[in-house]
Amino acid sequence: MDKKKFQRYRLLVTMAVAILVAWSVVAEVSVLTPLIGIGAGMILVYLLKRRVKEVMEDERSHLISEKAARTALAIFTPLVVVVAVTLIILSNSILPDFREAGTLLAYAACVLMVLYHVAHLYYERRH
């Protein structure tokens, strides 16, 4: 299979999983239904990717992915922290119901930063 055909099949699988998840939310079915669909979609994409004969990624695409991930992390983390602090501050006077959301976002930002540093230490020692 060539790369273009794989990308088309991957798009179809992604659309099918998205439709299944959307239907599951609207129909209020068990949470297992979308989870099984997501798992099946991931397995199907993996099996399809194994059949591709062309080179899917090279050093350039890895470098671009690394830079994009680092940039997204550098933008997302401070943004989440600002939103979390804003929600916590506003919960004292204007929006009392948003204190839990702000706290959850603050903890999520902390977990993200810890995960980043652990991964950084791992790859620093590995290479």
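Would you mention how many residues in segment 21-75 are closer than 30 Å to ALA106 by Cβ, in the same structural domain as VAL111 (by TED's automatic domain parsing) and either touching a residue at least 24 places away in the same chain (Cβ under 8 Å) or over 18 Å from the mean Cα position of the chain (by Cα) (or both)?
Going through segment 21-75 one residue at a time, the tally reaches 1.
Show the residue pairs meeting these rules: Cβ distance below 9 Å; 6+ apart or different chains; first residue within segment 115-127 and under 16 Å from ALA74 (Cα atoms); second residue surrounded by 10 or more Cβ atoms within 10 Å (Cβ to Cβ).
Within 9 Å, the pairs are TYR116/LEU73; TYR116/THR77.
The values are calculated or read from the model by the stated rules, or taken from the named source; none is laboratory data. The structure displayed is predicted, hence computed values, not measured ones. Neighbour counts are summed over all protein chains in view; Cβ atoms, including those assigned to glycine, are modelled from backbone coordinates with ideal geometry.
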